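The values are calculated or read from the model by the stated rules, or taken from the named source; none is laboratory data. Just so it is clear, the structure is predicted and the values come from calculations on it, not from any experiment. In this analysis, Cβ positions are derived from the backbone assuming ideal geometry, glycine residues included, and neighbour counts consider all displayed protein chains.
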2 protein chains.
Amino acid sequence: MYRTHTCGELRIANVGQTVTLSGWVQRIRKMGGMSFIDLRDRYGITQLVIDESASKEINNQAEKLGREYVIQIEGEVLERQSKNNKIDTGDIEVRISKLNLLNASLTPPFTIEDVSDGGEDLRATYRYLDLRRNPLKNALILRHKMAQETRKYLSDNGFLEIETPYLISSTPEGARDFVVPSRMNPGQFYALPQSPQTLKQLLMLAGYDKYFQIVRCFRDEDLRADRQPEFTQIDCEMSFVEREDILQIFEGMAKHLFKSVLGREFNEQFPRMSYADAMKYYGSDKPDIRFDMRIQEITDLVKGHNFVVFDSAEYIGGICVKGAASYTRKQLDELTEWVKRPQIGAKGLVYARVSEEGIKSSVDKFYTQETLAKVAEAFGAEAGDLILILSGDKKKTVVMLGTLRIEMGNRMGLRDNSVYAPLWVYDFPLLEWDDETQRFYAMHHPFTSPKPEDMDKFFSNAKEDLEQVSANAYDFVINGTEVGGGSIRIYNADVQARMFEVLGMTKEEAERQFSFIINAFKYGAPPHGGLAFGFDRFCALFGGQETIRDFIAFPKNNSGRDVMLDAPGPIAEEQMKELAIKSTL
Amino acid sequence: MYRTHTCGELRIANVGQTVTLSGWVQRIRKMGGMSFIDLRDRYGITQLVIDESASKEINNQAEKLGREYVIQIEGEVLERQSKNNKIDTGDIEVRISKLNLLNASLTPPFTIEDVSDGGEDLRATYRYLDLRRNPLKNALILRHKMAQETRKYLSDNGFLEIETPYLISSTPEGARDFVVPSRMNPGQFYALPQSPQTLKQLLMLAGYDKYFQIVRCFRDEDLRADRQPEFTQIDCEMSFVEREDILQIFEGMAKHLFKSVLGREFNEQFPRMSYADAMKYYGSDKPDIRFDMRIQEITDLVKGHNFVVFDSAEYIGGICVKGAASYTRKQLDELTEWVKRPQIGAKGLVYARVSEEGIKSSVDKFYTQETLAKVAEAFGAEAGDLILILSGDKKKTVVMLGTLRIEMGNRMGLRDNSVYAPLWVYDFPLLEWDDETQRFYAMHHPFTSPKPEDMDKFFSNAKEDLEQVSANAYDFVINGTEVGGGSIRIYNADVQARMFEVLGMTKEEAERQFSFIINAFKYGAPPHGGLAFGFDRFCALFGGQETIRDFIAFPKNNSGRDVMLDAPGPIAEEQMKELAIKSTL
């Protein structure tokens, strides 16, 4: 037996016992004639001691040890002289009576500590060493718990986890498919699923009324920061349900996860917000509601006062930053530069400091104190607050204000990662008009149902009507991050046909692109809907981190490479030949 | 709300309640002025009745219904006149007061019944309809339970489920890889994992001492019956363990599954058998021990009696089939033809019927009753038994006898699918000599450790010594099917180097093929080992079926095609161009 206990297990109650431990040498310290070894495994660290009672052999062996050597020891558990209450085993140490070197180690290229001295690339190359560090270990343990508790909750609620295939057919969805040449069917390709969307809808058709799967998805997209070519979804679908049924079940799931994984109770119903309100008040379809600082439109208040910037603007609005009136001119200039960066694209920034003495703004010459007081009132501003105003095209300005709001939230320390503010956003537009191609696109996907009450507009031929149709869709947002999203699907053949028509497809084109699913839906499709959660991001949020990479054991870099495995790589000519392909390089 | 209850839920206690149900029309019967509709969902069937009290509208609606139409009804629960105790809801029926047609259905191309009239190809094309049938539904529910209970057991035992990537590098393992061209790295390819073998070993190196994953694996092999290009494994690995630790944990897992999924208790330790004994007594490395009928060697007893077939044979052995002495000459001739088929390849079959009067064999002219009596004794044969004897090359004959044994087990009804006989087989040979290439091959994979006591032989240069080295490997067998297998891995650099040497690789070749794993193992690799279970087969066995296809929601056919999705298929020239490949067809 390699061990009787783990390195995180021994307590004062074990004093006097003879134990066997195995693990990695974290560090070695010498003090006088004694040596102290911190032995590490997944469960913790135990201090080992070699004192004057140790044999010469043990001393000789210990002499040769280095960082990350793997050893097995036997010894007696002793109470420590000076206890260490930073670690669970800090009350005891183990006096080595036998030492068995299991394996040596080269000196690791970076320190295996909570904060390592290794750069990102180096740590990625030696991912198996980086994974020894506590922050990554804790991230993977958290992920395991999230998955277990997700499965428990959904199973307890009658859901079946059903595995869907990874080698499927290429679908005309948004992103690019990864493809797999078929040797047995030369010239043909499988595609890796971007999501099991059609397969889960077929399962509904097959009568499996509560489906879920924690499943890998693949998108061959150019990788922005924190996107992975393969990622994991909690994929769910239900039959014989309306939106409310779905929100209830998955709000319950989120609450179960908050409680079982983080020990946090949410007793109230999660807030809900329409897409229209989210855009109006937060300039975002995924508002961070940990803090208020809502966007306020003041177009009517400030237009027509001879300030040409505002007078020519479609929309004027702003946010009120509590307690930020102390912002200096320098800070405000810097903020103005910040909103003028191309990523945001504002033309300028108007500000107003509110104090007991009155309101001082950057546009004082155009506005009376009376008008400014009305503006301040509109924001509910009090002495000490700072009002920041942008103007221009309505749609764009609201989004800019949303971005500014988040930035000010960060600067004011209002976005605490240990606070969780979940939110449902609903009633997204069904369609997006594209000026360039002069046609509508599905905002979600072409199986998303219009809201029942918008059905008349959906069958109308007026562009204005169609633009107003809401999708029966919903997103789950935590702290300004979209964690999940879904919709009630179309199950009626006429509505589906109309959707293809609205998207500018002829009947033939629709048949060609979606033939097998259209055909399947002729055999008694039930009403159904579902959603999917981004599992990597869900885990990262629960771990209080912004980046998903630490929550994936072996992630890829921004070029889609696994630098540890050195993948992708070349393959043999012979293999290409078998697959009936050749390189064009 | 679409339903207040499912179609499997209502009981006598619900009589008098007004309920809403949704589901599929299984069948419609008319009797006098009444109509009876069997309404089906995932949970069962409920009888609906339209009696004289029904409105004209309901009667009109019902008139239009057909098989697999989706309807929603409201009605009162009534006690049935004639109860049906074959179904859980057989005590009640629901008198329809409202009927809402949710969706019509074309007539399905085959019947949705436990035994369908559809052929295999037709059912595969309409898999979503086939999945409505009870046998498939029950198979997928069983699979869900198996996965849940596997995860529960392993999590409760401290295992972490860690997801490993699907886009990895091509490895020089046994089977062919499926590959994925990389658009962002033109000319390079990812490979889909044949198993996460190296990744799980890296996780051990990273200190995650108990890992598991229910994970998809991919092998681009020519598909024999009941093989799938993508299949699911319960993949496991542990550190600081010896073989016994692993057998204990996973025997516990199997017992937990037997109990929680099938309600069967196994209190005793599972039987264990060495590879040598398995081959000797069962002619197979995966013996079906539901029945005895062991192979008995009788070379010494029957050689040298002037029967030239036996006299020229290296090995003579047989099996004793209890109670089969009544086999007619015709049956025995047919059996002789059966063993002579090329799939088995025996030259002939010698038989001996044992009766109270003596022994009658097909080789009576060469053997005295005394010798035959000794043969019968060797088999422990009694009156009424039939002895079947084959001879020839030892290795081949034993395997033939193993096949014959299974056949006779089938014919004698000894292989009852409701009986489960688990077994561990251990001490497999480490190496296989290939005469053609004049070199050794790893029987498992090149990371499998030799048994500690065979280490001297492993470092010997004599071929005879190397042939005798046992692997520290083990298989888990149920009813003659290999369900799982694994080994203690090599973690010592010298042993690993020796393995590559034995496999005929130069140091440079080994470095080239396995560089990153060899390098990783220089940083403090712990002793470790693991195993993997074939999850599809495990489920099929628990479901009492021989074929795995029904236990996979969307399987592929023998050409690797998903005929429902019509995958694989052609892709656009444009996409090929982006991937820097072109077809050679």
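What to note about this one:
- Every residue from region A:188-202 that is aliphatic (A, V, I, L, M) and assigned to a helix (DSSP H, G or I): A:L199, A:L202
- The residue list B:F310, B:F270 contains one member that is closer than 30 Å to A:R42 by Cβ, hydrophobic (A, V, I, L, M, F, W, C) and away from every other protein chain (no Cβ under 14 Å), which is B:F270.
- Taken over region B:112-135, the residue count meeting the criterion of being within 13 Å of chain A (Cβ to nearest Cβ), within 20 Å of B:G44 (Cα to Cα) and touching a Lys or Arg at 6+ places or on another chain (Cβ under 9 Å) is 6.
- Helices (runs of 4 or more DSSP H) fully within region B:450-565 counting 3 or more residues that are surrounded by fewer than 20 Cβ atoms within 10 Å (Cβ to Cβ) and either more than 10 Å from chain A (Cβ to nearest Cβ) or of a type in the set (A, V, I, L, M, F, W, C) (or both): B:455-458, B:463-467, B:493-502, B:507-520
- Matching residues in region A:14-73 - criterion: being surrounded by fewer than 18 Cβ atoms within 10 Å (Cβ to Cβ), of a type outside the set (S, T, N, Q), under 28 Å from B:K210 (Cα atoms) and touching a residue at least 60 places away in the same chain (Cβ under 8 Å): A:V15
- Taking the criterion of being hydroxyl-bearing (S, T, Y) and touching a His at 6+ places or on another chain (Cβ under 7 Å), the only residue of region A:150-186 that qualifies is A:Y153.
Condition check ((1) within 29 Å of A:K340 (Cα to Cα); (2) at pLDDT below 95) across all residues:
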site	(1), (2)
A:G402	yes, no
A:N410	yes, no
A:L430	no, no
A:D456	no, no
A:F459	no, no
A:T481	yes, no
A:A493	no, yes
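- Scoring B:L122 on the criteria (1) out of contact with any Pro (no Cβ under 8 Å at 6 or more places or on another chain); (2) of a type outside the set (G, A, S); (3) not in a loop (DSSP other than H, G, I, E, B) leaves a single failure, condition (1).
- Selection from region B:158-175 of residues that are facing chain A (nearest Cβ under 7 Å) and farther than 18 Å from A:D566 by Cβ: B:L160, B:E161, B:I162, B:E163
- Here the condition is being buried (at least 18 other Cβ atoms within 10 Å of the Cβ), aliphatic (A, V, I, L, M), outside any strand (DSSP E or B) and under 36 Å from the mean Cα position of the chain (by Cα); of B:A352, B:A325, it holds for B:A325 alone.
- Of the residues in region A:567-574, at least one is more than 30 Å from A:T150 (Cα to Cα), part of a helix (DSSP H, G or I) and not hydroxyl-bearing (S, T, Y).
- Number of the exception - A:S155 against (1) surrounded by fewer than 23 Cβ atoms within 10 Å (Cβ to Cβ); (2) in contact (Cβ under 8 Å) with a residue 60 or more places away in the chain; (3) within 7 Å of chain B (Cβ to nearest Cβ): (2)
- Odd one out for B:V241 among (1) within 30 Å of B:K395 (Cα to Cα); (2) touching a residue at least 24 places away in the same chain (Cβ under 8 Å): (1)
- Residue count for region A:146-167, restricted to those that are of a type outside the set (A, V, I, L, M), touching a strand residue (DSSP E or B) at 6+ places or on another chain (Cβ under 7 Å) and not in a loop (DSSP other than H, G, I, E, B): 3
- Tally of residues being assigned to a loop (DSSP other than H, G, I, E, B) and free of Cβ contacts under 8 Å to residues at least 60 places away in the same chain across region B:168-181: 7
- Qualifying residue in region B:248-262 (condition: touching a residue at least 12 places away in the same chain (Cβ under 8 Å), out of contact with any helix residue (DSSP H, G or I) (no Cβ under 8 Å at 6 or more places or on another chain), within 14 Å of chain A (Cβ to nearest Cβ) and among the hydrophobic types (A, V, I, L, M, F, W, C)): yes
- Subset of region A:304-319 [out of contact with any strand residue (DSSP E or B) (no Cβ under 6 Å at 6 or more places or on another chain) and part of a strand (DSSP E or B)]: A:Y315
- Scanning region B:275-298 for residues that are in contact with a Phe, Trp or Tyr (Cβ under 7 Å, 6 or more places away or on another chain), without any contact (Cβ under 8 Å) to a residue 24 or more places away in the chain and either part of a loop (DSSP other than H, G, I, E, B) or outside the structural domain of B:K322 (by TED's automatic domain parsing) (or both) turns up nothing.
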